[in-house]
Structures are given as structure tokens and as C-alpha cells.
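Notes for the one structure printed next.
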């Protein structure tokens with residue numbers, strides 16, 4: 001608390017105003033600050049990180065995906081997604097389509113695939129120029145559309161040749 005000391009030496013002669021020493025005790029204010037800090041720390045909620053589960057296949061003999069049940073996505077540069085139905089094998093020339101990551105783009109393609117074919121598999125391939133955010137967006141669309149089967153696959157030379165033929 002604030003203390004006022006009134007003891008001053010007695011002087012003779014003309015009475016002067018007494019100078020009083022002033023000392024401010026900061027202990028109650030520090031106590032209050034720590035109480036407030038403790039209160040807000042104990043009553044606040046910390047944000048929890050949101051994670052996406054990704055199940056990786058067990059090592060062993062690979063299973064081939066039938067071309068009739070596949071949709072291949074190629075994540076390209078400038079936030080574009082190139083896709084075609086089936087798999088790109090030697091001797092075949094699938095029709096390449098281009099869309100984006102919006103609700104009317106990739107999401108609509110995935111919903112159309114689910115309506116058209118039950119149990120379809122989506123193969124996700126990535127060009128070198130695509131970003132990590134593009135892959136996260138594609139995986140988010142898989143979760144939003146409840147796509148059960150999808151795989152992250154390397155881009156092979158047939159896919160690169162297909163992109164070059166289409167000028168991409």
C-alpha cells in the first residue's frame with residue numbers, strides 16, 4: 001500500500017510546508033496481474049490441429065486397377081487439374097480434360113464419377129510444377145466427395161507424352 005511518512009525534523013523559525021516522503025507498494029498490483037494471467041490461461045481453449053488420416057497400402061504384390069473403373073488426375077501447373085477416364089497404357093490415347101480445384105471443377109468430376117460408376121478408383125499423379133497445396137486440395141476433394149479408393153501414383157512417361165501431345 002502507499003505509505004506516507006510524516007516524521008520530519010523540527011525547525012525553528014518560520015514554519016514551512018512539511019515535505020512528506022511517498023512510497024508506493026506494487027505488491028497488490030503484481031498479485032492481481034498474476035491472478036488474471038492464471039485465470040485466462042486456465043479458462044482458455046487451445047486450438048486443436050486438424051489432421052487427415054491417410055491409409056498406406058501394405059507392401060506386397062500390387063493389384064492392377066481395371067481401366068474401366070479408373071479416373072486419372074494429373075495435378076498440373078497454374079492450379080489446373082488434367083484428367084482422363086481409364087489408365088494411360090502404351091498404344092491408347094485417352095481424351096484429356098482440364099479443370100480447376102473449385103466446387104464446379106474437380107468436385108463435380110468426382111461426383112459424376114461416383115454417380116456413373118460404383119467402386120471407382122482415382123489415381124492422383126503430380127507434375128513437377130504442381131505445388132504441395134495442389135495435392136492437399138486434391139486430397140480434400142477426395143474427403144469432401146467421400147471417395148473411398150484413391151492412390152498417389154508417380155507420373156510415368158506415357159502420361160508425360162500425353163501432356164506434350166496436348167501442349168501442356
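Dividing the alpha-carbon radius of gyration of segment 67-165 by 2.2 N^0.38 Å (N being the number of residues), what value is obtained?
In units of the 2.2 N^0.38 Å rule of thumb, it is 0.98.
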Debye log10 I(q)/I(0) at q = 0.13, 0.14, 0.15, 0.23 Å⁻¹ for segment 112-168, Cα point scatterers: -0.41, -0.48, -0.54, -1.02
For 40, 84, what ranking results if the residue with the fewest other Cβ atoms within 10 Å of its Cβ goes first? 40, 84
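Roughly what % antiparallel, to the nearest 5, for the DSSP beta bridges in segment 67-165?
So the antiparallel bridges in segment 67-165 amount to around 45 percent.
Quick note: the coordinates plus some simple rules give every number you see, no bench work behind them. Given the structure is predicted, the values throughout are model-derived calculations rather than measurements. All Cβ positions, even for glycine, are placed from backbone atoms using ideal geometry, and neighbour counts span all protein chains on display.
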